[in-house]
Amino acid sequence: MVVKSSRQLVPDYIQNLRIYQAGKPIEEVQREKGLTRISKLASNENPLGPSPYAIKAMTQSLWDIHRYPDMHAYALKTALAELYNLKKENIILGNGSEGIMGYIMRAFLQPGDQVLTSEKTFIGFYILARGAGVQLVTTAMTEDDRYDVKAMVKKINHDTKVIYIANPNNPTGTYMTRQEFDYLMEYVPEHCIVIIDEAYYEFASEMADDYPNSMDYRYDNVITLRTFSKAYGLSGIRVGYGFAHEFFIENLTKVKLPFEPNSLAQVGAVQALEDRPHLERTLSENKRLLKELTEYLQGRGLKTIPSVTNFVTVNMGSEEKSQKLFEDLLNHGVIIRPLSSNEMNQYVRISVGTQKEMEHFYSAMEQVRI
Ligand SMILES: Cc1ncc(COP(=O)(O)O)c(C=O)c1O
């Protein structure tokens with residue numbers, strides 16, 4: 001039992017947080033449902049897995065696991081600096097891009113600051129902002145489920161310290177166009193830090209002509225975050241990266257845990273970055289299967305949100321219907337994601353899987369009533 005005085009040890013804004021809910025793990029569904037064939041389409045992972053070169057490098061590096069990682073991550077930073085034509089001083093690495101987001105909160109926010117973002121965006125950001133004890137200000141999305149830049153600009157004031165944009169956005173799959181990004185940046189004052197979370201950047205660059213690659217801009221108050229968890233297929237090893245002005249990177253490095261990313265992640269990421277054919281295969285397969293998935297769902301009369309990512313979000317019309325579809329598909333061994341924890345009760349999100357996983361999904365869909 002927690003005594004009354006213990007409750008006072010934890011600030012209200014932490015006690016009021018809700019624990020992050022991830023996609024249901026495969027083993028859990030196998031255990032609960034007694035099924036062997038499971039297709040997980042719930043966490044926007046790369047269904048093809050990582051580059052085999054990454055696996056090989058990580059396997060070899062297991063023999064050095066008694067040593068601490070290179071805290072400067074020389075090889076990985078060099079590879080990223082070369083790829084993006086930057087200096088290593090402009091790069092930060094962390095335990096997933098979410099880890100770096102946490103460091104941004106720790107390094108830059110103070111009591112009284114506000115953070116500004118949209119409704120229907122990445123749930124991990126809401127948790128981090130609320131957990132920092134600052135005021136979270138959100139604007140509604142447009143009717144077509146995209147960031148409403150005009151509404152956001154109106155909410156900027158002298159207390160706004162961080163603006164968060166996931167581009168493309170999870171869980172809607174939509175993106176902010178170059179024109180909208182330019183508009184937003186025109187109104188962002190110098191005292192604001194803009195986080196552009198490009199976790200799905202590789203997919204969007206492949207699919208949308210007017211998608212703004214934030215690396216083409218180099219604003220001094222923009223931090224671009226990217227990850228090896230999605231297109232590079234390394235979610236399990238936790239490695240993400242960020243680009244920003246040296247001043248920001250230096251201060252972020254002061255609050256960062258020194259040995260992130262771990263040594264396996266560092267070597268795996270270098271190889272993943274070099275294996276361009278694997279990335280290209282990932283992107284072309286995803287594009288093909290996403291189109292097929294969207295057309296299938298629309299053919300079943302479902303309302304999909306146009307996506308430039310590796311998932312599609314569906315408005316089921318009610319929370320009851322979205323929960324029912326999730327449960328029904330689970331009984332057939334297919335895991336999708338109901339979005340109630342994102343306060344999008346009537347929506348479900350379906351990640352693109354392999355061809356085989358998609359066939360499993362389609363055959364399960366034929367057996368459920370929607
Ligand atoms: C928009 C967005 N940002 C960040 C993340 C977290 O990625 P990472 O695994 O690099 O922490 C996710 C993961 O789903 C995401 O959807």
Given Cβ point charges of +1 (Lys, Arg) and -1 (Asp, Glu) and nothing else, what value in debye, to the nearest 20, does the dipole of the chain about its Cα centre take?
940
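Can you show me the helix-derived [θ] at 222 nm for the chain, built from DSSP H runs with n ≥ 4 at -39,500 (n - 2.57) apiece and divided by the number of residues, rounded to the nearest 500. Please list the in-between numbers first.
Values: 15 runs with 154 residues, N = 370.
Counting only the DSSP helices, I get -12500 deg cm²/dmol.
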Please work out how many pairs of lysine residues in region 52-274 are eight or more positions apart (or on different chains) and have Cα atoms closer than 21 angstrom.
19
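To the nearest µm²/s, what D does Stokes-Einstein give for region 52-274 at 4 °C and 1.567 mPa s, using the Kirkwood radius over alpha carbon pairs as Rh?
Working: Rh = 17.9 Å.
So the translational diffusion coefficient is about 72 µm²/s.
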Residues whose built amide H sits under 5 Å from the amide H of Ile163, excluding neighbours closer than 5 in sequence, are Leu116, Ile193, Val194, Ile195
Label-point gap, in nm, between Gln298 and Gln60 - each point 7 angstrom along Cα→Cβ
4.7
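Near Thr227, within a Cβ-to-Cβ distance under 12 Å, what is the net charge of the other residues, with Lys and Arg +1 and Asp and Glu -1? Don't skip to the end; give the middle numbers.
Working: positive: Arg226, Lys230, Arg238; negative: Glu45, Glu98, Asp197, Glu198, Glu202.
Within the 12 Å Cβ shell, the charges total -2.
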Peptide ranges 304-312, 15-23 listed from the most packed, as the mean C-beta count within 10 angstrom indicates
304-312, 15-23
Sequence-distant residues sharing a close amide H with Phe311 (under 5 Å, placed H)
Val352
Taking 7 Å along the Cα-to-C-beta vector as the label spot, tell me the Glu343-Asp159 distance in nanometres, rounded to one decimal.
1.7
Expected field for Arg106, accessible surface area in Å² at 1.4 Å probe radius, rounded to 10, holds 150
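Net charge near Ser205, counting Lys/Arg +1 and Asp/Glu -1 over other residues with Cβ under 14 Å of its Cβ?
Values: positive: Arg178, Arg226, Lys230, Arg276, Lys287; negative: Glu198, Glu202, Glu206, Asp209, Asp210, Asp216, Glu280.
Neighbourhood net charge equals -2.
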Pick out, from Tyr183, His360, Met101, the residue whose Cα sits farthest towards the positive end of the charge dipole of the chain, with +1 on the Cβ of Lys and Arg and -1 on the Cβ of Asp and Glu.
His360
Can you pull the accessible area of Leu109 for me, 1.4 Å probe, Å² to the nearest 10?
20
Of all DSSP beta bridges in the chain, what percent run antiparallel (nearest 5)?
50
Which of the aspartates and glutamates could be linked to Lys24 by a straight reach, that is with a Cα gap under 12 Å, when you skip same-chain ones fewer than 8 residues away?
Glu32, Glu327
Would you compute, for the Cα atoms of region 223-329, the largest minus smallest coordinate along each principal axis and list the three values in descending order, in whole Å?
51, 33, 26
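The values are calculated or read from the model by the stated rules, or taken from the named source; none is laboratory data. Small disclaimer: the values here were computed from a predicted structure and weren't measured. Cβ: placed from backbone, ideal geometry, glycine included. Neighbour counts: every protein chain shown. When the accessible area is computed, the model is the full protein with side chains, heavy atoms only, and any ligands, DNA or RNA have been set aside. Shrake-Rupley method; radii C 1.70, N 1.55, O 1.52, S 1.80 Å.
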